[in-house]
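Each value in this text was obtained by applying a stated rule to the coordinates, not by laboratory testing. Please read these numbers as outputs of a predicted model, since none were measured by experiment. Glycine gets a Cβ as well: all are built from the backbone with ideal geometry, and neighbour counts include every protein chain shown.
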Amino acid sequence: MNNKFGIREVVALGIGTALFVVLTTVQVPLLFIPNTSLQPRMAILAFFAAIYGPIVGGVIGVLGHALGDALFYGSVWWSWVFPEAVIGISIGLFAKKLAVREGGFVNTKNIVLFNIVQVISNAVAWIVVAPILDILVYAEPVNKVFIQGVFAFLGNIVITGILGTLLMAAYSKIGVKSSNLKAED
């Protein structure tokens, strides 16, 4: 990952946001916890953040969640939009160390680092940020939002840990081989 924000990052934003929105419809409800489900879109967020960095991760989290809510549910639940940005930014901050784009993610150390980062960022996002915003913005009951937050955290760490790790490992293995194209002068 370089520190420049160019065409590649803009394209990644568009593709990542579109995939995130489309995957909004793919979810496994946690029947015993209202409005909480397992969503594979979290793996897409982690994947793009780990490759393109915190700006791309944060924007995909905000735009993807807001557009997905607006299109499929008719309104945006902002207290759950901003936690997605927290996750995208947090994982994106470690993009260089994870070395997904460079082919280094197959290293056990990087896989463990990714999973530590995603667990911590999901904990902050869903056990702290989302419930506090639910209480402050929507005056939701304290017990309800913290229970939802804990279950969203648990579901997201499983989805991100499994699907996110698999996506990044696969990309890291094949991405380096197929990215040898160079611009001609």
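Quick rundown of the values:
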item: For ALA152, net neighbour charge (Lys/Arg +1, Asp/Glu -1) across residues whose Cβ lies under 14 Å away; result: -1
item: Rounded to the nearest 20 debye, dipole of segment 70-185 from Cβ charges on Lys, Arg, Asp, Glu; result: 420 debye
item: For the chain, calculated [θ]222 nm from helices alone, where every DSSP H run of n ≥ 4 adds -39500 (n - 2.57); result: -21500 deg cm²/dmol
item: Amide H contacts of LEU38 (H built 1.01 Å from N, under 5 Å, at least 5 apart or other chain); result: VAL28, LEU30
item: Over the chain: Kirkwood hydrodynamic radius from C-alpha pairwise inverse distances, Å; result: 16.5 Å
item: The chain: relative contact order in percent, alpha carbon pairs under 8 Å with at least 6 residues between; result: 24 percent
item: Pairs of lysines in the chain (C-alpha under 23 Å apart; 8 or more residues apart or interchain); result: 14
